[in-house]
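Only one structure is covered here, and it is reproduced in the block below.
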Amino acid sequence: MRNRLNISTKLIRGLFTRAFTSALVALPLSFANAGTADFITEDFVLSDTEKEKRVGEAYYRADQQWMVYQAEVADENPFYQIYLKHLDSGNIRRVSPGVGKTTCSWIHPSVNKVLFSSTHDDPDAKSKMTAELERRKSGERKSYAWDYDEHYDIYETDLEGNNIKNLTNVLGYDAEASWSPDGRHIAFASNRRAYTEELSEAEAELFKKDPSSMIDIYIMDADGSNVKRLTHTNVYDGGPFFSPDGKRIVWRRFSPNGREAEVYTMNIDGTDQKQITHLKALSWAPFYHPSNEYIIFSTNIHGHRNFELYIVDVNGEKEPVRVTDEAGFDGLPVFTPDGDYLTWTSDRVPTKKGHLFHGKWNHAQAMRSLSLERTD
């Protein structure tokens, strides 16, 4: 089990708001407790809305001393970079190189290392940054679409952003990585087989239309060795996270048309793949509660652009229960390692850009709502 540090509501609120007081005051109080009172209380904006243009995907080290996340900050780079925040001092530092695109960070449970995906070794990284800046200056608008850049590789670095090491170094999209609770393994998503293996004619045509179709879940040792493919489909399997006991992986699997996704779990060797949700909507970003009793995820079952947070028991035997109720995007939820708080990404700010929200989590209510109360 992970080391757990119990932090009081008063203390953790003080830690997170120390560096963000001005940003919090600037936001209307109507953003707090918006339909989340049963599960989330004392919620507030965790991002620095004056400096960070877009923020998302925050994750915690097991001792709850560090938080890693991605943010768009610098004017000279229009893409996300990876930042590390010390929760006691409030100090923030960038740990990615600052060039190219980055995504999907994680922090080692015990060793001073950060994991993230980046395209900074792409020879055209800087020219792509310039092109994106020019596109934005021109006022061109385009629908949001995730970029499965074949130059994404998975890197580790120390907490200062030094000693960066490429763990994958294979052409293809390698991203969405996380360490196991004991730090011995890394689960990740990759479409490398489209670049390294011979595809059938049908697969090649499918990949040309949709690069995500060849993305599968993989597992490897923490040093990048012993890579093993765990899923074998021609749809997008991605977003893997380990269960608190390190025995299973949760992820989301898209439908062939890309308009639906469901939450799945499996053993870390790829066996016992089990569908957990059956909502026939876009359900994704699943994450285990540290109790290992239930999984939180985001779904647009209430409307194409309205993503809300839901919880479901780990076996998928209960009906999923709604957690948030706010128009717009609520997604990428993560619990603190002690299970007492929830951090998630939401666009419920005036700019309608993604920012981090944080609140006290009601575990007892979650257990009751799913009829998982213990009687022994």
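Annotation: extensible slack from residue 131 through residue 169 equals 11.2 nm (criterion: 0.36 nm per residue apart, minus Cα-Cα distance). Among 235, 321, 114, the largest mean-square fluctuation in a Gaussian network model of the chain (Cα springs under 10 Å) belongs to 321. This model, with +1 at the C-beta of Lys and Arg and -1 at the C-beta of Asp and Glu, gives the chain a dipole about its Cα centre of some 780 debye. Taking the charge dipole of the chain about its Cα centre, with +1 at Lys and Arg Cβ atoms and -1 at Asp and Glu Cβ atoms, the residue from 80, 240, 190 reaching farthest to the positive side is 80.
Shape class of segment 57-148 from the Cα gyration tensor (axes a ≥ b ≥ c, square roots of the eigenvalues): prolate, since a/c reaches 1.5 or more and a/b is larger than b/c.
Computed per residue of the chain from DSSP H runs no shorter than four, each worth -39500 (n - 2.57), the mean residue ellipticity at 222 nm is -3500 deg cm²/dmol. Taking GluC sites (Glu not before Pro) across segment 280-362, the ones in a DSSP loop with at most 12 further Cβ atoms lying within 10 angstrom of their Cβ are 317.
Note that segment 223-376 shows a convex hull volume over its alpha carbon atoms of 141 Å³ per residue.
For segment 149-191, GluC sites (Glu not before Pro) meeting the loop criterion (DSSP other than H, G, I, E, B) and having at most 16 other Cβ atoms within 10 Å: 160. Under a Gaussian network description of the chain, with springs only between Cα atoms under 10 Å, the residue in 151, 304, 363 that fluctuates furthest is 304.
For segment 177-242, the Cβ-based charge dipole about the Cα centre amounts to some 140 debye (Lys, Arg positive; Asp, Glu negative; other atoms uncharged).
In the chain, a dipole from Cβ-located charges (positive for Lys and Arg, negative for Asp and Glu) runs towards its positive end, and of 264, 66, 286 it is 66 whose Cα lies farthest in that direction. Which of the trypsin sites (Lys or Arg not before Pro) found in segment 125-182 are loop residues per DSSP with 10 or fewer other Cβ atoms within 10 Å of their Cβ? Answer in residue order: 141, 142.
The dipole here belongs to segment 165-296: it is taken about the Cα centre, uses +1 on the Cβ of Lys and Arg and -1 on the Cβ of Asp and Glu, and is about 220 debye. Per residue, the average separation of C-alpha pairs within less than 8 Å and at least 6 apart gives segment 261-331 a relative contact order of 23 percent. Around the amide H of residue 341, modelled in the peptide plane, lie the amide H atoms of 336, 361, all under 5 Å away and 5 or more residues distant in sequence or on another chain. Once C-alpha pairs closer than 8 Å and six or more residues apart are averaged by separation and normalised to the residue number of the chain, the relative contact order reads 14 percent.
One compactness figure for the chain is 0.94, namely its Cα radius of gyration divided by 2.2 N^0.38 Å.
Here, each number is a calculation from the coordinates, and none is a lab measurement. All values reported here derive from a predicted model rather than from experimental measurement. Counting neighbours? That spans all protein chains shown, and the Cβs are built from the backbone with ideal geometry, glycine included.
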